[in-house]
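> Got a structure for you, questions after.
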Amino acid sequence: MNKPAAASPFHPRNRHQGRYDFAALTAAHPPLAVKVRPNGYGDLSVDFADPEAVMLLNQALIKLFYNLNWQLPEGYLTPPVPGRADYVHSLADLLASDNGGKIPRDLDIMDIGCGANLIYPLIGNAEYGWRFTGTDITAEAITAANQIVASNPGLQRGVRLRRQKDSSAIFAGVVHKNERYHAVLCNPPFHGSAQEAAMVGQRKTRNLGLGKNAPLNFGGQHNELWCEGGERQFVGQMINESVTFADHVVWFTSLVSRKENLPALRDQLRDLDAYEVRIIEMAQGQKQSRFIAWTFLPPAARAKRLAR
């Protein structure tokens, strides 16, 4: 049997290029070793249908590449680390475009819906030294994220957490009056209902060859997976609220998984007089992804804020 051709579809600065180096990963995180075995091509791998194996692999990736200790309560969303890193690096390129092509380092970033996994602040702080404010609507997620910060003393000056106590708001209550951020990033809930999320989860389970009662290998709480109206409504609400905070943030950004949602979001931003809108395309293997970015500030004002 021939091996599939190796590909490196990630951002050039993404550390996760090529195949997983399981020798290095198990050296960095020895508990992973019990889950590593040859696959159908004779290469070392793990069973991606096994939630514990996926968790251990993520812990090893974060330890090897970012020298961070990471843990996650059972049932929470386990992030695909390489793809999450692409968003951070692509955001850095966006910010560099307003800074003479140089990636700015001394920045304040807000992560809307950081979840219990805290993955964007971990990568952004490790790669670029950015300071993060992570927000989430559940006390349990904030508690778990704070435990990650506490287990990595170097993070305590670079990451802070805030609970969004108003479930109907995104920015109000977590962006304080005198605060300014260079960017907002967000991975919004994808599905529009619990039923839709469950159906997709069952399909993934079947594709992995598991029984219908098997646990999902990626996990996820309801607020991580779905909200009323799905990502279209969530990002639309972000856009509406961003007008009020137009001077607080240089660039607002959010992942948009469904490309068909982009025209309506663009129209909404045009109607609200956004100064500039960009669609940043990314690719991870066969999966295409992207984020939408918008700003109410002209280039000179953006450059001044980034330089300062």
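The values are calculated or read from the model by the stated rules, or taken from the named source; none is laboratory data. As the structure is a computational prediction, the values presented were derived from the model and not from experiment. Counting neighbours? That spans all protein chains shown, and the Cβs are built from the backbone with ideal geometry, glycine included. Accessible surface areas use protein heavy atoms only, side chains included; no ligands, DNA or RNA. Shrake-Rupley method; radii C 1.70, N 1.55, O 1.52, S 1.80 Å.
> Place +1 on the Cβ of every Lys and Arg and -1 on the Cβ of every Asp and Glu in the stretch 1-89, take the dipole about the Cα centre, and give the residue among Gly40, Gln17, Leu57 whose Cα lies farthest towards its positive end.
Among Gly40, Gln17, Leu57, the one farthest towards the positive end of the dipole of the stretch 1-89 is Gln17.
> To continue, here is another question. Nearest 0.05, what FRET efficiency do Asn240 and Asn67 give at R0 = 51 Å with Cβ-Cβ as r? Don't jump to the answer; show the numbers that get you there.
On the way: r = 40 Å, r/R0 = 0.78.
My answer for the efficiency is 0.80.
> Next question. Inverting the mean 1/r over all pairs of different Cα atoms, compute the Kirkwood radius of the stretch 58-183 and quote it in Å. Present the calculation step by step, with values, prior to reporting the outcome.
Details: mean 1/r = 0.0668 Å⁻¹.
Evaluated on the stretch 58-183, it is 15.0 Å.
> Gln17 to Ser151: extension gain in nm, 0.36 nm per residue of separation minus the Cα-Cα distance?
Working: separation 134, 0.36 × 134 = 48.24 nm, distance 2.72 nm.
Once the chain is fully extended between Gln17 and Ser151, it gains 45.5 nm.
> How far is it, in nm, from the label point at Arg162 to the one at Arg308 when both lie 7 Å from their Cα along the line to the Cβ?
The modelled label-to-label distance comes out at 1.9 nm.
> Once you have the Cα-Cα distance between Glu281 and Ala301, take 0.36 nm times their residue separation minus that, and quote the gain in nm to one decimal.
Working: separation 20, 0.36 × 20 = 7.20 nm, distance 2.51 nm.
Here the segment from Glu281 to Ala301 would lengthen by 4.7 nm.
> To the nearest 10 Å², what's Phe65's accessible area with a 1.4 Å probe?
60
> Within the set of other residues whose C-beta is less than 13 Å from the C-beta of Lys304, count the net charge using Lys and Arg as +1 and Asp and Glu as -1. Mind showing how you got there, number by number?
On the way: positive: Arg180, Arg302, Arg305, Arg308; negative: Asp98, Asp247.
In short, +2.
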